[in-house]
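Encoded as structure tokens, here's the structure I'll be asking about.
The values are calculated or read from the model by the stated rules, or taken from the named source; none is laboratory data. None of the values given here were measured: they were computed from a predicted structure. Every residue, glycine as well, gets a Cβ built from its backbone with ideal geometry; the counts of neighbours run over all protein chains shown.
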Amino acid sequence: MSAFRGTHDVLALLIQNQADVNSIDDFGSATLHYLGIFTGVPSTVKLVLDSRGDINIASQPRSCKIIALAAMSKAASCFFATVSETQDFLVELAGSTPLLLAALYGRTDMIKLLLDANADVKKVNSYPKSAIELARASRNATTVQML
């Protein structure tokens, strides 16, 4: 949860006390998933990566709903036109890596950090969609160019 809130000092303390940055929470997400969508402060991302954060960790299917909530709050008009499209979008998010989520949300700061740390640009989610396909779907030219 500290990753969701972007609390660097709390996350650092948890890591110092042997917290597993790759553990999957009840929503099916790991620390880097939250940082990729919400609060990707470079120093916090670096802390997680330096603490053996799995740069290519895939979200679990149960994380789709929280990720979709983020989409609705940030870019609802791009993704949700009908109920059936919403269901398709939920399916597309399962198995997403931090890079895929950063690409979807146009988080160029996170994309740069993840690419610099050798995130696998060829990974696909369960749909299967790649980072560049998700970036194109979000109509973010800068993100597409980066990938």
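Residues in segment 94-102: is at least one at pLDDT 90 or above and surrounded by fewer than 17 Cβ atoms within 10 Å (Cβ to Cβ)?
No.
Let me ask something additional. For Ala81, state whether it is modelled with pLDDT under 85 and not in a helix (DSSP H, G or I).
yes
Consider segment 113-147. How many of its residues are among the charged types (D, E, K, R) and not in a helix (DSSP H, G or I)?
5
Name every residue in segment 15-34 that is outside any loop (DSSP other than H, G, I, E, B) and either modelled with pLDDT under 85 or surrounded by fewer than 17 Cβ atoms within 10 Å (Cβ to Cβ) (or both), in order of residue number.
Scanning segment 15-34 gives Gln16, Thr31, Leu32, His33, Tyr34.
Looking at Ile37, Ile67 in this structure, which one is crowded, with 19+ Cβ neighbours inside 10 Å, within 19 Å of Thr143 (Cβ to Cβ), hydrophobic (A, V, I, L, M, F, W, C) and modelled with pLDDT of 50 or more?
Ile37
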